[in-house]
Every structure is written in C-alpha cells, then in structure tokens.
Amino acid sequence: MSRNEFIQPDDVATPGFPYSPVVTSGDLVVTAGQVANDATGKIVADDIEGQTRQVLDNIRACLAAAGCGLEDVIKVNGFLTDLSNFEVYNAVYREYFSAPYPARTTVGVALAPGLLVEVEVIARRPAG
C-alpha cells in the first residue's frame, strides 16, 4: 500500500499519458511538468508570456490541490524551447515568485509542437 497521494487537480487537464500531475509523500509535494494547456487540454497562447502565465497558473492549481502554494516551493525546473525567451519568462516568473526565491534550474529543450515552456516544482507543505 502506497503512502503517496496521487492528485488530479480540477483546473488542470487530465494527462493523456501515464503520469500524475501532483504526487505527495508526507509533506513533500512534486508536480509533473506543466505546460500551457487549459483545463480542456488546449494550448492557451502562442507567445512565451501567455504560455508562461498559464504554466504557472497550472503549477499554482497543482500546489493548491496538495494543500500548499507558490510560497512553499523549494525548487523549480524550467524548460524553454528557445533560450532567447529567457528574459520574458523571467519577468513573468517574478510576478509569481518573490524573494527569497526557490532554487531554480532553466534549460533549453525540445518540447511537443506548439509548446514554448514547461515547469515542474518541488514544494513542502506547511506544518498543519
């Protein structure tokens, strides 16, 4: 019997692939990589700013479903298809996260067609 909890947030598209959007283990919360899909699975924008906002809104929804928020994030992994979008990504990121910032890694990658950014986080739920 697993001590992990596997969560499908209401406001996040149900994956078509074999993974869970959020997994908790004790007070540890881990999200799968979130992309710019709305709850129906449709990509919401074709620019880095709009996609980053949707991705971070999805991250926020995943964390809320696990009982925590962006302020509980300890590590962020960001994936950009074009590193020339880094400054716009960073500007939107600052609207969602504030100092002291979580640890973060951002790398250039290939993503599915139409996707410009993907983000996954690790958080710790606050003591209840």
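For the range 1-84, what does the accessible surface come to per residue with a 1.4 Å probe? Please give it in Å².
Dividing the accessible area of the range 1-84 by its residue count gives 53 Å².
In whole Hz and in residue order, list the ³J(HN,Hα) couplings for the range 9-24 that follow from phi through the Karplus curve 6.51 cos²θ - 1.76 cosθ + 1.60, θ = phi - 60°; x for Gly and Pro.
Once rounded to whole Hz, the list reads x, 4, 8, 10, 4, 6, x, x, 10, x, 7, 9, x, 9, 10, 10.
Name the residue, out of VAL22, VAL44, VAL117, whose mean-square fluctuation peaks in a Gaussian network model built on the chain with Cα pairs under 10 Å.
VAL44
Take the alpha-carbon centre of the range 21-56, take the same for the range 89-128, and report the distance between them in whole Å.
If you average the Cα positions of each part, the centres end up 10 Å apart.
What residues qualify as long-range amide H neighbours of LEU28, i.e. H under 5 Å apart, gap of 5 or more or another chain, H built at 1.01 Å from N?
ARG125
To the nearest 10 degrees, how steep is helix 86-96 against the longest Cα principal axis of the chain, on a 0 to 90 scale?
Value to nearest ten degrees: 40.
Compute the long axis of helix 48-65 from its Cα atoms, compare it with the longest principal axis of the Cα atoms of the chain, and write down the angle in degrees, 0 to 90, nearest 10.
For 48-65 against the chain, the angle is about 0 degrees.
The values are calculated or read from the model by the stated rules, or taken from the named source; none is laboratory data. The model shown is predicted, which means the values in this text are computed figures rather than measured ones. Just the protein is used for accessible areas: all its heavy atoms, side chains included, with ligands, DNA and RNA removed. Shrake-Rupley method; radii C 1.70, N 1.55, O 1.52, S 1.80 Å.
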